1. Taking loop as defined by DSSP and a crowding limit of 10 other beta carbons within 10 Å, which trypsin sites (Lys or Arg not before Pro) in segment 195-280 fit?
2. Treating only the Cβ atoms of Lys and Arg (+1) and Asp and Glu (-1) as charged, compute the dipole magnitude of segment 569-669 about its Cα centre; round to the nearest 20 debye.
3. How high is the FRET efficiency from Arg608 to Arg668, r the C-beta distance, R0 25 Å, rounded to 0.05?
4. Summarise the accessible area of segment 56-192 (1.4 Å probe, protein heavy atoms) by the percent that is carbon and sulfur.
5. Angle between the Cα long axis of helix 611-633 and the longest principal axis of the chain, 0 to 90 degrees, nearest 10?
6. Calculate one ³J(HN,Hα) per residue across segment 592-604 by plugging θ = phi - 60° into the Karplus curve 6.51 cos²θ - 1.76 cosθ + 1.60, and present them in order as whole Hz with x for glycine and proline.
7. Let me check I have the definition right: for segment 11-95, take the eigenvalues of the Cα gyration tensor, multiply each by 5, take square roots. What are those semi-axes in whole Å, largest first?
8. How much accessible area per residue does the chain have, in Å², with a 1.4 Å probe?
Amino acid sequence: MNIIWHAKTKQFHLYNDQISYIMYVQPNGELGQLYFGKRLHDTEDLIYLSDRIGLSLVTYYDMESQFSMELNRQEYPSFGSGDFSSPAFRILEEDGSSVTNLKHVGHEIYASKKALPGLPALYGTEEEITSLEIQLQDEKNGMHVFLTYSIFRDYPVIVRSTRFENRGKSELVLDRALSLCLDLPDAEYEWMQFSGAWARERRPITRKIDKGIVAIESKRGHSSPNQNPFVILKRANTDEFAGEAIGFSFVYSGNFLAQAECDTYGKLRFLMGIHPDTFSWSMKPGENFVTPEVVMARTTQGLNDLSQTYHSLYNNHLVRGKWKNQERPILLNNWEATYMDFTEESILKIAAKAKEAGAELFVLDDGWFGKRNDDHRALGDWVENPEKLPNGMKGLAEKVVAMGLKFGFWIEPEMVNPDSDLYRAHPEWAIAIPDRHKSLGRWQMVLDFSKEEVVDYIYGMLHRIIKDAPISYIKWDMNRTLTECFSQGLPAKEQGKVYHKHILGVYRLYERLEEAFPDILFESCSSGGGRFDAGMLYYAPQAWCSDNTDGEDRVMIQYGTTYGYPVSSIGAHVSAVPNHQTGRVVPITMRGHVAMFGAFGYELDLNRLTEDEFAMVQEQIRFVKEHRKLLQYGKFYRLRSPFEKNQAAWMVVSEDKSKAILAVYTMRATVNIIPGLLKLDGLDPDKKYGAGDKEYYGDVLMEAGIPLRDDCIPGYNMGHDGNSAILVLEECK
Ligand code: GLA
């Protein structure tokens, strides 16, 4: 891995074994993009890859040399000097002008990678990462812009972010500051996004790119279940197993914009960053602003390979602390078992049965604090309700721990109900515009985490409970979007900062709690999977994937989630039937077979199961304990998409390819068909694998496939609805 600066030609080349990224300083001093793709030989002068051509009606920056901003691929473009596509940033000057010319003034190459102040960021050692910081400057307004690129030794990945420093003499307003721009020479890509809503998160949608703009965004204050801040550009013939694609993953949990724009000449501009519509950052002389980072990964071997890059990268270079690469505890959460209607006694009964089943952690969900007997009140009042917890959180936790289980509980720290002691004492702490209508979501408002004293106050309340009790886990929820966004008491020209500062406050609270309690496992949640993003993974290594726990819907939701996020991060529970969200009755086998590929657990009262079902649960837990490392950290392959058929299949393979687990699911059976063959992936073609009572060479399983029949995959009957099976493959010694 290396970063080379060719001083004579003013060209940068970043490369590792797999990729090259090349830029240069254009004749006007601004940075231009030359190449991003497969590793190239280092050549001093690749400037002929840019476009110098005389065309009618084009405005040239320099007529003589035919250098035009519009015709050349830019690295971090502004608007107003002849580039007419969407810009990467915009700076408003006091005189009302907003044209910026960022000229290269210098750069620095260093080993490893710097942390971003207050923001989540990937990390790695001096051997693993090399970074380049390019300094650009606008001579008139004094803004200095630092573009940062970090290239990983072992991954086809470049991580980018941008820092602005106002070194001028007057105040400047940054009203657009995206993290990344990538100009590509052609637009022959399809755009893949992961869209949905509450309880149907992250469905892959593929759109054609043509002249004009394709975009997704969130302006909801969180990354949202509606659009995920992860996008893939792929060639039309790219599938799971072969072909070229580039992924863009935003390490941020708030409002975002991701967009691809194909211009008149067929070039493509990809942009990603904080949503400019809800952002405006005034900067006094001396002040600076840092954008979150984008992780850009490339493959020539299909979407599974691209996903595997993100899985491994996030497990090794984003997730931190005690739970990094650790098997996740099998938990039982009481939410769907009791909702808010419980007593210490009823909770202990559920916990005891969970222990008997083999679970390792009990999680007390919503309803334990203030007057919280329904969702109309008490958020913000983080004090135990003595009627439900007469011995406090401490008392309950100690009893659960005495049973041999770990204990954790639910919080929603960013929220407040108007009907709460906190709101009555501090109405100005809620995000709202005084004298204007206040919208509610789930009867609640959002606390203004852009205010330090609010974060401090909530920290104090939570710290008191956690420090006194044996707490191993926290589920951190976030159940409404931001509206009427306004920070009460903040000067008018600072209001454009509130959305971003709110997220910084969320990160700060995470950071403080984790510093105080480094052993606690945090699981993030936002009405299920409404904040499933790379930013959150830095603080909470797993996320509740969806409030929809229906076994069949979960196949789709988890399948879609694996495009950008590792299996170990996907909170997945077996719940009761008829399912509380869909009313569907999916067999407990299938519910288990889906949840096993995730941070596994249960979300029901096991006391209510039949003896047979309970035995099945015990067996599921035994199986997960035996294979947990492989299930959560094996190389994950999507084999058959539930979005194309009423069936799905995926598998995990161990690092040395000696072991694999295949899972097949039929959501809805089709009568009178030949089951056919399913091609596996990731195995060693020369190894022989034992599976069920049969043995197969890896090449047979990958090139010909395994018959989707009961005699080869015991328990699988494609002719039945809600049928599923798991097959363990082990190298024959
Ligand atoms: C959200 C979460 C659920 C549960 C409830 C509690 O909906 O996604 O898992 O914690 O809140 O109110």
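The values are calculated or read from the model by the stated rules, or taken from the named source; none is laboratory data. For clarity, every value in this text was computed on a predicted model and none was experimentally measured. Positions of Cβ are generated from backbone atoms using ideal geometry, with glycine treated the same way; all protein chains shown enter the neighbour counts. For the accessible areas, the whole protein counts, side chains as well, though only heavy atoms, and no ligand, DNA or RNA atoms are used. Shrake-Rupley method; radii C 1.70, N 1.55, O 1.52, S 1.80 Å.
1. Listed in order of number, the matching sites amount to none.
2. The calculation lands at about 440 debye.
3. The computed FRET efficiency comes out at 0.40.
4. Of all accessible area on segment 56-192, carbon and sulfur atoms account for 49 percent.
5. In the chain, helix 611-633 runs at an angle near 30 degrees to the longest axis.
6. Residue by residue, segment 592-604 yields x, 4, 7, 5, 4, 8, x, 7, 7, x, 10, 9, 6 Hz.
7. 26, 17, 10
8. Here the per-residue accessible area is 36 Å².
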